[in-house]
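Report on the structure given below.
The values are calculated or read from the model by the stated rules, or taken from the named source; none is laboratory data. As the structure is a prediction and not an experimental result, all values here were calculated from the model. We place every Cβ from the backbone using ideal geometry, glycine too, and count neighbours over all the protein chains shown.
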Amino acid sequence: MSNFKYKRNQLYCEAVPLKQIAESAGTPVYIYSYQSLVGRYKELKQAFASAHPLICFSVKANSNLTICKVLSEQGAGLDIVSGGELYRAKKIKVDPKKIVFAGAGKTEEEIREAIKAKILLINAESEQEVEEIDRIAGELGRKIRVGLRINPDVPGGGHRYIQTAKEENKFGISLKEAKELFLKKEKFSHLNICGIHFHLGSQITTPQPFVRALKKIVPLIQELKKKGVEISYLDIGGGFFGVANKFARAILPLVKGLEINPVRSKSRFMGTAPAEHQGTSNGVKLILEPGRFLTAESGILLTKVLYIKKREEGKRFIIVDAGMNDFIRPALYNAYHEVIPVVRKPLNPQPSTLSDVVGPVCESGDFFAKDRNLPLLKSGDFLAVMESGAYGFVMASNYNSRPRPAEILVKEDKFYLIRERERYRDLIRGELTMEGSPP
Ligand SMILES: *Cc1c(COP(=O)(O)O)cnc(C)c1O
């Protein structure tokens, strides 16, 4: 259920009118609903309850420390893809035994930091990386759990840029390679290669790709078990979007045979964090890595109308104060986002005309909406770009020397500034003259 709703023709986030936030914090500004974040987490947890999965929020979807902390307080772990995200995780003191680390190009430094932090699982994406992790762990005199990211060669996801599990993509290793690696795992004396990971892509709205991937991977786990190789973690990635139950209903029966939800975590360790389960011969721990699922609908981008430009054919351009540097998804993925006015006219139906909503950046790709029927707006009106809580602020840049927007978290009738709007001086921080001094 959305927490962005009209009341008396005013758009609210929870119990706060968005207009009030715009007037106090300025625009453009990202606004998130606490109830939505927590609600989405609970929905997912409930849908998969019978398997007691470890739910690792994919930090790259929205890395704001307060957002990560809200989810972590609910029991979520984190799915990280860089040393920078590990740094964030440490800042908010997330239990390292709830952190999993993916990425096709981890550097030596990042691997070292992850081993030192004693995270739950490094998900490796090639044999060379496995060797590298083994070498670094050896140097540090540590042992680390490793999962192998398998590329199941299954299409999934929206735009082709966000499909990640076809053979032609750079991610993961083949099932065959994975099997060979598992069978010679003793060769890597500083590793416990005990996990299987896959991540199919983003914006997957039906469970089918997961079903297809699991139908390839579950038999592999069973075959490995017969050969004496125990898999302790099955990490099925993120990318699912929509209703949690729909995915749970399709996925859970497929993993049932793996002794998921082991007795140990049910009885003796009842009530402890899911990651307490270290898993050797106690069945398989299921891990989920939702990003968009948790935060997309929990956030919007609020922007102000600057100018209205009318073309002769009747079409209008609504020029707003947010640009592709603030929110790049429409430009990058041709993503569709609903754009709605923050204050509606008390008329039904609303009079409207065909409009493009565009930003101030010097690029024709700088748009949020094309050919939409939008109400008649004027300068100073506010618009909400909906479902912008995932891959929104995190992809913002300073292109055109535009300071990045502020971020606000709403909880009930209060709102909290969780990131200050950048200032001009932030734009030049770290820049140096040829003499090596600040300009
Ligand atoms: C991006 C990513 C996710 C999250 O994807 P969503 O579409 O936001 O759910 C999960 N796992 C990995 C490895 C990723 O790269």
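The table below gives the values:
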{"quantity": "Check on GLU85, out of contact with any strand residue (DSSP E or B) (no Cβ under 8 Å at 6 or more places or on another chain) and among the acidic types (Asp, Glu)", "calculated": "no"}
{"quantity": "Test for ARG344: is it in contact (Cβ under 8 Å) with a residue 24 or more places away in the chain, basic (Lys, Arg) and out of contact with any His (no Cβ under 9 Å at 6 or more places or on another chain)", "calculated": "yes"}
{"quantity": "In the stretch 217-248, the residues that are of a type outside the set (A, V, I, L, M) and surrounded by 15 or more Cβ atoms within 10 Å (Cβ to Cβ)", "calculated": "LYS225, GLU230, SER232, TYR233, ASP235, GLY237, GLY238, GLY239, PHE240, PHE241, PHE247"}
{"quantity": "Only one of ALA25, ALA15 that is outside the structural domain of GLY242 (by TED's automatic domain parsing), under 24 Å from ILE328 (Cα atoms) and more than 24 Å from the chain's Cα centre (by Cα)", "calculated": "ALA25"}
{"quantity": "Residue within the stretch 124-134 that is within 19 Å of LEU181 (Cβ to Cβ) and hydroxyl-bearing (Ser, Thr, Tyr) present", "calculated": "yes"}
{"quantity": "Verdict on GLU113 being touching a residue at least 24 places away in the same chain (Cβ under 8 Å) and either in the same structural domain as GLY147 (by TED's automatic domain parsing) or over 20 Å from the mean Cα position of the chain (by Cα) (or both)", "calculated": "yes"}
{"quantity": "Set SER36, SER58, SER63: member being surrounded by fewer than 23 Cβ atoms within 10 Å (Cβ to Cβ), modelled with pLDDT of 95 or more and among the polar types (S, T, N, Q)", "calculated": "SER63"}
{"quantity": "Qualifying positions in the stretch 362-395 - modelled with pLDDT of 95 or more, among the small types (Gly, Ala, Ser) and over 17 Å from SER298 (Cβ atoms)", "calculated": "ALA369, SER379, GLY380"}
{"quantity": "Count of the stretch 34-77 residues which are touching a Ser or Thr at 6+ places or on another chain (Cβ under 7 Å) and among the hydrophobic types (A, V, I, L, M, F, W, C)", "calculated": "3"}
{"quantity": "Count of residues meeting criterion [in contact with a His (Cβ under 8 Å, 6 or more places away or on another chain) and outside any strand (DSSP E or B)] in the stretch 348-390", "calculated": "3"}
{"quantity": "Given (1) polar (S, T, N, Q); (2) under 22 Å from LEU191 (Cβ atoms); (3) modelled with pLDDT under 95, number of the condition ASN261 does not satisfy", "calculated": "(2)"}
{"quantity": "Selected residue (only one of LEU181, LEU254, LEU234 is out of contact with any Asp or Glu (no Cβ under 8 Å at 6 or more places or on another chain) and away from the ligand (no atom under 16 Å from the Cβ))", "calculated": "LEU254"}
{"quantity": "Strands (runs of 3 or more DSSP E) wholly inside the stretch 40-156 containing at least 1 residues that are within 15 Å of the ligand (Cβ to nearest atom) and under 30 Å from PHE415 (Cα atoms)", "calculated": "54-58, 77-80, 99-101"}
{"quantity": "Any hit, the stretch 341-356, residues being under 26 Å from the mean Cα position of the chain (by Cα) and at pLDDT 90 or above", "calculated": "no"}
